[in-house]
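First the structure, in the form of structure tokens, and then the observations on it.
The values are calculated or read from the model by the stated rules, or taken from the named source; none is laboratory data. What you see is a predicted model; the values in this text were computed from it and never measured. As a convention, Cβ positions derive from the backbone with ideal geometry for all residues, glycine included, and neighbour counts pool all protein chains shown. With ligands, DNA and RNA removed, areas are computed over all heavy atoms of the protein, side chains included. Shrake-Rupley method; radii C 1.70, N 1.55, O 1.52, S 1.80 Å.
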Amino acid sequence: MEQDYHQLEANIDHENTNKEYAPPSSAHIIGLDSWQQVGLMLVTSLNCGYVLSFSNLMLVPLGWKWGITCLLVVGFYSAYANWLLASFHYINGQRFIRYRDLMGYVYGEKMYYITWVLQFMVLTLGNMGFILFGGEALKEVNSILSDHPFRLQYFIIISGLGFFMFAFFIPTMSAMRAWIRASTVITFSYTIILLVLMIKEGKTNSAKNSYEIPGSKVGKVFNGFGAISAIVACNTTGVLPEIQSTLREPAVKNMRKAIGLQYSLGLVFYYGVSIVGYWAYGSEVSEYLPKELKGPNWIKVLINLAVFLQTIVSQHMYVTPIHETLDTNFLQLEESIHSKENIKRRIFLRFAFFAGNTFVVTALPFMGNFVNLFGSLALIPVTFVFPSMIFLKVSL
């Protein structure tokens with residue numbers, strides 16, 4: 001089987017470098033981005049504000065031994081699964097820019113719809129989680145600056161409006177170029193500041209911290225599965241073919257370079273924050289790390305504002321595949337995406353999507369755990385099962 005795989009890979013590379021491919025129909029840009037841009041997009045998007053909850057979400061239910069083991073094992077297999085999936089961007093001279101198209105081509109119409117349903121669930125629930133997280137970051141700023149803070153729902157609406165505006169003015173992944181650079185600076189800045197503060201506080205706290213896994217036996221089991229699901233979610237996107245579609249040739253090699261950047265530089269930061277946060281505060285660590293900080297208020301405000309701004313940029317990578325589907329089906333493809341008619345249609349499509357998600361989150365602001373659990377569970381087959389299925393079908 002290993003020999004068959006290498007032969008398959010050689011055939012893919014040969015086709016990739018010696019054939020001209022007619023690009024699939026899409027309202028978005030295909031095949032223009034560098035691997036550095038895509039790699040940084042992966043690093044900053046996976047180092048989004050969610051990492052500030054990972055100490056509580058992933059390590060508290062598992063403890064040191066199982067927590068670190070799961071981080072390493074899931075990280076390794078996620079990297080390999082994505083590396084494998086990147087190989088199937090071209091099959092039999094055809095380029096697949098959507099995961100559902102790839103699964104439909106290999107396994108038929110039923111798998112096309114199963115893949116799309118799972119992806120839509122992951123992306124939509126993830127977007128709701130981002131909206132909620134952005135609102136919580138703004139509320140934290142308000143709580144620091146005011147003795148009478150507003151309700152969370154007001155900030156959820158502001159967060160949803162910010163996401164809508166960004167999605168309208170930056171309609172595609174490729175259009176994120178300058179924003180990715182800004183997001184990289186913001187991400188590394190607040191992450192480094194947070195790490196320095198947590199290490200400083202951890203030196204005084206670690207001796208008295210408890211690292212016991214809380215809960216009953218049944219609760220520990222359920223929380224453990226939830227933690228493993230969260231580790232899967234922090235290591236993968238579920239939309240790798242859609243991301244790979246933006247890369248210039250050779251798309252397979254360039255995607256693997258971007259994946260290498262994600263699982264080296266990116267992993268160091270979001271695993272680092274998770275581990276240091278758990279070490280510094282123990283089993284009592286907050287579900288949102290900036291709440292633990294004892295430094296001056298201006299630093300807390302700065303970190304929370306940075307988290308909000310970075311969340312707006314990072315969520316765009318995850319939600320763009322839904323925008324691409326809507327744009328391809330409802331915009332006039334013979335015109336520019338910035339034409340007057342397409343602008344009107346794009347405003348309606350973006351507003352309808354974000355208004356719906358914001359309404360649900362505003363009505364159910366306690367849905368964070370639901371989003372994490374079901375979104376993460378839907379990622380498991382998309383990340384680990386489907387790439388192996390494609391390999392078995394194509395290579396045999």
Log entry, pairs with first residue in segment 134-154 being touching a residue at least 60 places away in the same chain (Cβ under 8 Å), second being in a loop (DSSP other than H, G, I, E, B), beta carbons closer than 8 Å, six or more apart or on different chains, reads Gly135/Pro365; Glu136/Tyr288; Glu140/Tyr288; Leu152/Pro365; Gln153/Pro365
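Every residue in segment 260-281 that is of a type in the set (A, V, I, L, M, F, W, C) and more than 13 Å from Ser45 (Cα to Cα), please. Before the answer, list the steps.
Quick first cut of segment 260-281, residues of a type in the set (A, V, I, L, M, F, W, C) only: 261, 265, 267-269, 273, 275-276, 279-280.
Scanning segment 260-281 gives Val268, Val273, Ile275, Val276, Trp279, Ala280.
It is to be established whether one or more residues within segment 140-149 are among the small types (Gly, Ala, Ser), touching a Gly at 6+ places or on another chain (Cβ under 7 Å) and part of a helix (DSSP H, G or I).
Residues of segment 140-149 that are among the small types (Gly, Ala, Ser), as a first pass: 143, 146.
From what's left, touching a Gly at 6+ places or on another chain (Cβ under 7 Å): none.
Checking segment 140-149: not a single residue is among the small types (Gly, Ala, Ser), touching a Gly at 6+ places or on another chain (Cβ under 7 Å) and part of a helix (DSSP H, G or I).
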Does Ser336 satisfy the condition of being more than 30 Å from Lys65 (Cα to Cα), open to solvent by 50 Å² or more (accessible area, probe 1.4 Å), touching a helix residue (DSSP H, G or I) at 6+ places or on another chain (Cβ under 8 Å) and not aromatic (Phe, Trp, Tyr)? yes
By residue number, the members of segment 127-155 that are within 18 Å of Ile303 (Cα to Cα) and hydrophobic (A, V, I, L, M, F, W, C) are Phe130, Ile131, Leu132, Phe133, Ala137, Leu138, Val141, Ile144, Leu145, Phe155
Within segment 210-267, the residues that are hydroxyl-bearing (Ser, Thr, Tyr) and crowded, with 18+ Cβ neighbours inside 10 Å are Ser229, Thr236, Thr237, Ser245, Thr246, Tyr263
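Residues to consider are Ser264, Ser339; find the one that is under 18 Å from the mean Cα position of the chain (by Cα) and without any contact (Cβ under 8 Å) to a residue 24 or more places away in the chain.
Working: Ser339 fails: under 18 Å from the mean Cα position of the chain (by Cα).
Result: Ser264 is the single residue among Ser264, Ser339 that is under 18 Å from the mean Cα position of the chain (by Cα) and without any contact (Cβ under 8 Å) to a residue 24 or more places away in the chain.
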Scanning segment 146-169 for residues that are among the aliphatic types (A, V, I, L, M) and open to solvent by less than 20 Å² (accessible area, probe 1.4 Å), the one farthest from the chain's Cα centre (by Cα) turns out to be Ile156
Looking across segment 176-200 at residues that are closer than 26 Å to Gln262 by Cβ and without any contact (Cβ under 8 Å) to a residue 24 or more places away in the chain, the single one that is surrounded by the fewest Cβ atoms within 10 Å (Cβ to Cβ) is Ala178
The condition of being open to solvent by 10 Å² or more (accessible area, probe 1.4 Å), under 30 Å from Gly272 (Cβ atoms), in contact (Cβ under 8 Å) with a residue 24 or more places away in the chain and not small (Gly, Ala, Ser) holds, among Val74, Val106, only for Val74
Checked against (1) surrounded by 15 or more Cβ atoms within 10 Å (Cβ to Cβ); (2) without any contact (Cβ under 8 Å) to a residue 12 or more places away in the chain, Asn205 satisfies every condition except (2)
The lone condition Phe130 fails out of (1) in contact with a Cys (Cβ under 9 Å, 6 or more places away or on another chain); (2) open to solvent by 30 Å² or more (accessible area, probe 1.4 Å) is (2)
Flagged pairs (Cβ under 6 angstrom, 6 or more apart or on separate chains; first in segment 349-370, open to solvent by 50 Å² or more (accessible area, probe 1.4 Å) and at pLDDT 95 or above; second of a type in the set (Phe, Trp, Tyr) and not in a helix (DSSP H, G or I)) are none
Residues of segment 54-67 being open to solvent by 20 Å² or more (accessible area, probe 1.4 Å), touching a Phe, Trp or Tyr at 6+ places or on another chain (Cβ under 9 Å) and more than 15 Å from Phe222 (Cβ to Cβ), in sequence order, are Asn56, Trp64
Q) Looking at segment 284-303, is at least one residue more than 17 Å from Ile193 (Cα to Cα) and either in a helix (DSSP H, G or I) or open to solvent by less than 20 Å² (accessible area, probe 1.4 Å) (or both)? A) yes
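Looking only at segment 133-187, count every residue that is of a type outside the set (D, E, K, R) and closer than 17 Å to Val313 by Cβ and tell me the total. I'd like the intermediate steps shown before the answer.
Kept after step one, since they are of a type outside the set (D, E, K, R), are these residues of segment 133-187: 133-135, 137-138, 141-146, 148-150, 152-176, 178-180, 182-187.
Now drop any that are not closer than 17 Å to Val313 by Cβ, which leaves 133-135, 137-138, 158-176, 178-180, 182-187.
Looking only at that region, the number is 33.
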Phe308: passes all of (1) of a type outside the set (Asp, Glu); (2) in a helix (DSSP H, G or I); (3) over 18 Å from the mean Cα position of the chain (by Cα) but (3)
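What about Ser229, is it closer than 26 Å to Ser78 by Cβ and small (Gly, Ala, Ser)? Don't jump to the end; show me each part of the working.
Numbers: closer than 26 Å to Ser78 by Cβ: yes; small (Gly, Ala, Ser): yes.
Yes: the conditions hold for Ser229.
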Across segment 268-283, the tally of residues that are under 18 Å from Cys48 (Cβ atoms), open to solvent by 40 Å² or more (accessible area, probe 1.4 Å) and in contact (Cβ under 8 Å) with a residue 24 or more places away in the chain stands at 1
